[in-house]
Amino acid sequence: MKMMLAKICLAVIVSLLVQESWADNSNNEFLFLRGDGSYPPNEVVIDGQLIGVHHDLIMEVAASLKLKVTIKSYPWKRAVIMLKNGFADAITYMGKTAERETFGYFEDGNKLAATRNGFFTLKENMSGILFEGDLTQLKRYTIGMIREYAYNVDFDQAIYLTKDANANSEAQLLNKLIRKRFELAIGDVSRIKYIAQQLGFEKRIVFLKPYFPSRPNYLVFSKKKQH
């Protein structure tokens with residue numbers, strides 16, 4: 001039932017997209033962007049091929065509307081800039097922020113999935129870290145994060161925290177943590193566990209609790225394209 005409702009909602013939005021931007025897309029061709037990582041089970045790249053719930057949903061709706069949709073993967077920061085400047089029609093898996101709402105449409109019917117972020121560290125660090133949900137307890141640490149990611153409003157706006165935003169992917173973030181470039185990192189719990197298992201790091205990391213509340217991710221259409 002949830003999948004059916006998601007298909008209906010997405011179909012309505014894409015249908016409106018076709019009507020409103022026919023002049024800009026006279027060939028019925030649309031470019032959708034995504035980050036170049038794996039976000040199981042929604043978006044996963046295996047042997048160079050994108051699979052997952054989001055891909056299947058978008059392609060099924062596009063086929064039913066006789067649209068040609070191409071989904072391309074880019075480093076996240078580049079993908080966001082492309083959407084902002086109107087070089088693409090939409091982007092998948094984007095969390096809502098006030099700044100992003102200035103260049104993208106965040107429609108309730110286009111919620112694709114939910115993310116639950118949390119802090120994680122090396123097991124050997126756990127004995128010295130106290131965290132009970134109060135971000136000020138982490139002021140003494142450097143926290144690794146992915147460039148241009150939005151995690152949680154409180155965390156994103158916590159200028160009193162020391163943040164290392166030089167990782168381009170979850171794999172790079174994990175490798176930096178393993179090499180002890182910082183004491184803590186933040187990321188989507190299920191995604192980090194999946195990639196840590198792929199890299200053989202799953203027994204070396206542990207998550208701090210509580211996690212942040214889950215937040216929705218959207219299929220976001222470009223305001224620059226006047227969709």
Quick check on A158: is it touching a helix residue (DSSP H, G or I) at 6+ places or on another chain (Cβ under 6 Å), in a loop (DSSP other than H, G, I, E, B), within 20 Å of F212 (Cα to Cα) and at pLDDT 95 or above? yes
Kindly evaluate M82 against the criterion of being in a helix (DSSP H, G or I) and among the hydrophobic types (A, V, I, L, M, F, W, C). yes
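Looking at region 173-194 only, could you name the residues that are without any contact (Cβ under 8 Å) to a residue 24 or more places away in the chain and over 12 Å from F120 (Cα atoms)? Show your work before the answer.
So in region 173-194, the residues without any contact (Cβ under 8 Å) to a residue 24 or more places away in the chain come out as 179, 193.
Result: R179, single match.
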Condition broken by P210, with the remaining ones in (1) out of contact with any Gly (no Cβ under 6 Å at 6 or more places or on another chain); (2) open to solvent by 30 Å² or more (accessible area, probe 1.4 Å); (3) modelled with pLDDT of 95 or more satisfied: (1)
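If you go through region 172-198 one residue at a time, how many are aromatic (F, W, Y) and in a helix (DSSP H, G or I)?
In the first step, residues of region 172-198 are kept if they are aromatic (F, W, Y); the result is 182, 194.
If we keep only those that are in a helix (DSSP H, G or I) too, we end up with 194.
The number of residues fulfilling the criteria is 1.
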When (1) basic (K, R); (2) at pLDDT below 95; (3) under 15 Å from L184 (Cβ atoms) are applied to R140, the one that fails is (2)
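Within region 123-161, work out how many residues are farther than 23 Å from I178 by Cβ, acidic (D, E) and surrounded by 13 or more Cβ atoms within 10 Å (Cβ to Cβ). Walk me through it before giving the result.
At the first step, the residues of region 123-161 found to be farther than 23 Å from I178 by Cβ are 132-137, 139, 150, 152-154, 156-160.
Filter once more, keeping what is acidic (D, E): 132, 134, 154, 156.
Narrowing the set further to residues that are surrounded by 13 or more Cβ atoms within 10 Å (Cβ to Cβ) leaves 156.
Going through region 123-161 one residue at a time, the tally reaches 1.
The values are calculated or read from the model by the stated rules, or taken from the named source; none is laboratory data. Bear in mind the structure is a predicted one, so any value in this text is a computation, not a measurement. Positions of Cβ are backbone-derived with ideal geometry, glycine not excepted, and every protein chain shown enters the neighbour counts. All accessible areas refer to the heavy atoms of the entire protein, side chains included, with ligands and DNA or RNA removed. Shrake-Rupley method; radii C 1.70, N 1.55, O 1.52, S 1.80 Å.
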